[in-house]
1. So how do A:153-160, A:265-272, A:43-50 stack up, highest first, on mean other-Cβ count within 10 Å?
2. What residues have an amide H closer than 5 Å to that of residue A:331, excluding those fewer than 5 places away on the same chain, when H is modeled at 1.01 Å from N in the peptide plane?
3. What does the structure give for A:214-224 when I average, per residue, the other chain Cβ atoms found within 10 Å of the residue Cβ?
4. Over segment A:236-286, calculate the relative contact order: mean separation of alpha carbon pairs under 8 Å at least 6 apart, over the residue count, as a percent.
5. Report, by chain and number, residues whose modeled amide H sits under 5 Å from the one on residue A:26, excluding near sequence neighbours (fewer than 5 apart, same chain).
6. What's the average, rounded to a whole number, of partner chain beta-carbon atoms within 10 Å of each residue's beta-carbon in A:24-34?
7. Given H placed on each backbone N at 1.01 Å, which residues far from residue A:71 in sequence or on other chains put an amide H within less than 5 Å of it?
8. Please state the relative contact order of chain B as a whole percent: Cα pairs under 8 Å, 6+ residues apart?
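Please treat every number below as a calculation from the coordinates, not as lab data. Since the structure is predicted, the reported quantities are computational estimates derived from the model, not experimental observations. Positions of Cβ are generated from backbone atoms using ideal geometry, with glycine treated the same way; all protein chains shown enter the neighbour counts.
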Amino acid sequence: MNENAQSPKDDGGVRKLTRSSTDKMIGGVAGGLGRYFGVDPILFRIAFVALAFAGGVGILAYIALLAFVPADDGTSPFGAGRNANVIGAILLALLALVVFGPPAFFLGPALVPVALVLGIGVLLWRAAGGSLPAGSDPGKIAARATIAFLIGLAALGAFAGVFLLAAIGGGTVLAILAIVAGMALIITAFIGGARWLVIPALVLVLPLAIVAAADIDVKGGAGERHYRPGTVSEIRPEYRLGMGELEVDLRAVTLPVGTTTTAVKVGVGHAVVRVPDDACVTSDVQVGVGHAQVLDRTSDGVDVAFVQPGSLASAAPRLHLDADIGIGALEVVRGDDPVFSRGYRTTSDILPACPA
Amino acid sequence: MNRAPDRLLLVAGLAISGLGVLLLLDRTGVIDLHFGYALPAILACVGAILLAAGLEGPRR
């Protein structure tokens with residue numbers, strides 16, 4: 001990191017944001033931002049790369065900054081003049097939209113955790129001593145790496161612990177603790193205290209936020225569960241699993257006239273519900289993060305929620321399914337249809353919610 | 001002599017308290033938090049702390 005580098009100042013003595021001509025990988029945007037904010041430019045580079053796979057936002061932001069932020073040596077990325085910059089930015093933005101539009105967007109959610117891990121790794125490395133000058137003692141390098149690894153392990157353990165505690169129902173207590181931790185930081189700001197206290201406070205609040213947003217509830221145990229009721233009376237009102245794979249196979253059940261209701265709740269994992277060939281399926285589905293396929297209806301991403309009312313004209317016996325998945329996938333298939341994880345189906349293979 | 005508060009700790013405290021209040025409201029059933037609301041809130045919280053750290057610089 002270039003701690004000694006100073007951002008150029010204008011005539012009024014105000015710091016100016018400029019692109020760096022010395023610390024650059026493409027156009028010096030991250031180098032300039034790092035110098036302006038006094039942080040390691042690699043954080044901005046990681047953010048740009050991560051956002052590039054989230055619909056191309058990172059590319060667009062980079063291009064905009066490349067076009068409109070001047071370089072500290074006065075050069076222009078697209079030739080002379082501001083008009084050339086604007087035209088170049090528009091052309092590159094159009095290219096980015098074409099390249100990074102759907103379906104490439106699906107890569108985004110998977111790469112965000114990778115970027116997060118990389119970011120945490122960089123922060124830990126810096127916390128353990130930062131960048132090393134040439135000719136450093138290999139023993140010191142190993143010691144710093146070990147410290148960074150141990151800190152990372154402790155943070156990961158704490159993160160997982162809070163996550164589990166929140167998921168098994170301790171969320172209210174943890175939320176109160178987060179508020180208390182925040183108040184303690186405010187008091188510390190006035191009386192003086194260590195800044196590293198921010199890290200444990202974040203480790204407390206971030207996993208809780210994920211659990212709350214995905215509505216994860218891991219009550220119900222972990223592992224693989226398979227249920228194959230033979231009669232209507234054997235169908236449970238609710239099938240629940242904390243973490244793992246849950247399969248509810250209703251193919252052997254002869255549904256009566258009217259509506260039979262059941263519910264499937266999985267905290268983190270995969271749920272498969274096999275429905276009888278003659279059933280008209282109605283559903284109320286909620287998935288925090290993941291994929292949901294209920295016969296001919298599919299949706300994925302975050303906050304997946306839909307209601308499938310079924311055909312009122314159908315005289316077939318009705319099965320109503322309430323499904324709630326925190327993180328993972330739900331699949332409702334008819335008869336012997338293959339599920340997503342065991343062979344992708346084409347649209348023509350999928351039968352509608354209600355038989356004709 | 002009055003001592004200026006540490007802006008990084010102040011911003012972090014306010015951000016984490018705010019997030020904690022949101023989470024408490026969700027856990028007690030007052031609001032139903034989804035990723036659509038939670039993710040921007042988390043990113044804003046972390047972003048505010050990073051900005052405060054960048055603008056404040058090392059403590060003297």
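1. Working: A:153-160: 13.2, A:265-272: 23.9, A:43-50: 19.9.
Sorting A:153-160, A:265-272, A:43-50 by mean packing, highest first, produces A:265-272, A:43-50, A:153-160.
2. Amide H neighbours of residue A:331, under 5 Å, 5+ apart: A:271, A:272, A:273, A:293.
3. Numbers: counts 4, 5, 0, 0, 0, 0, 0, 0, 0, 0, 0.
The shielding value for this peptide is 1.
4. Values: 62 pairs, mean separation 24.1, N = 51.
Dividing the mean separation by the residue count of segment A:236-286 yields 47 percent.
5. The list, which skips near neighbours in sequence, is empty: none.
6. On the way: counts 0, 0, 0, 0, 0, 0, 0, 0, 0, 1, 1.
Taking all residues of A:24-34 together, the mean is 0.
7. So residue A:71 has HN proximity to A:19.
8. Details: 23 pairs, mean separation 31.3, N = 60.
Result for chain B is 52 percent.
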